[in-house]
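Colleague: Let me give you the structure first, and then I'll get to my questions.
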Amino acid sequence: MSRAATALRGAWLFVAGDDWRVALGVVAAIAVTALVATSTVAAWWILPLAVVALLAGSLRRTVRQTRGR
């Protein structure tokens, strides 16, 4: 494997980790927060809510996978 491919794979594993859905959710939450922050609405509550929702979804998927074994 080339050095570039190894670096890209390492970056992907760092960002996505074990669950790509959580990584995508975090990116989406940051984007939504940025959009809301440009309006007159307070945006501080979006990221904590997203963290709780993403964690709950990740735990739910993990429990379902573990029970299926």
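Colleague: So if I place +1 on the C-beta of Lys and Arg and -1 on the C-beta of Asp and Glu, and nothing else carries charge, what would the dipole magnitude of the chain be about its Cα centre? I want it in debye, nearest 20.
Modeller: Dipole magnitude for the chain comes out near 400 debye.
Colleague: Would you mind getting me the FRET efficiency between Q65 and A37? Use the beta-carbon distance for r and R0 = 35 Å, nearest 0.05.
Modeller: 0.45
Colleague: Here's another thing I want to ask about it. What percent do you get for the relative contact order of the chain when only Cα pairs under 8 Å and 6+ apart count?
Modeller: Details: 26 pairs, mean separation 17.0, N = 69.
It comes to 25 percent, rounded to a whole number.
Colleague: Among residues other than G57 whose Cβ falls under 14 Å from its Cβ, what is the net charge (Lys/Arg +1, Asp/Glu -1)?
Modeller: Neighbour charge sum, excluding G57 itself: +2.
Colleague: Rounded, prolate or oblate for the chain? Axes are the square roots of the Cα gyration tensor eigenvalues, ordered a ≥ b ≥ c, and the cut-off for rounded is a/c under 1.5.
Modeller: Oblate shape, in that a/c is at least 1.5 and b/c is the bigger or equal ratio.
Colleague: Using DSSP H assignments, which helices in the chain have an axial alpha-carbon span of 20 Å or above and a mean Kyte-Doolittle hydropathy of -1.0 or higher?
Modeller: Span-like helices, by this rule, are 20-37, 46-67.
Colleague: Rounded to the nearest 500, what is the chain's calculated 222 nm mean residue ellipticity when only DSSP H runs of at least 4 contribute -39500 (n - 2.57) each, over all residues?
Modeller: Roughly -26500 deg cm²/dmol at 222 nm, from the helical runs in the chain.
Colleague: At L8 and I30, where each label point lies 7 Å from the Cα along Cα→Cβ, what is the point-to-point distance in nanometres?
Modeller: In this crude label model, L8 to I30 measures out at 2.0 nm.
Every number here is computed from the coordinates shown, using simple stated rules; none is lab data. From a predicted model like this one, the values you see are computed outputs, not experimental measurements. FYI the Cβ positions are ideal-geometry reconstructions off the backbone, even for glycines, and counts take in every protein chain you see.
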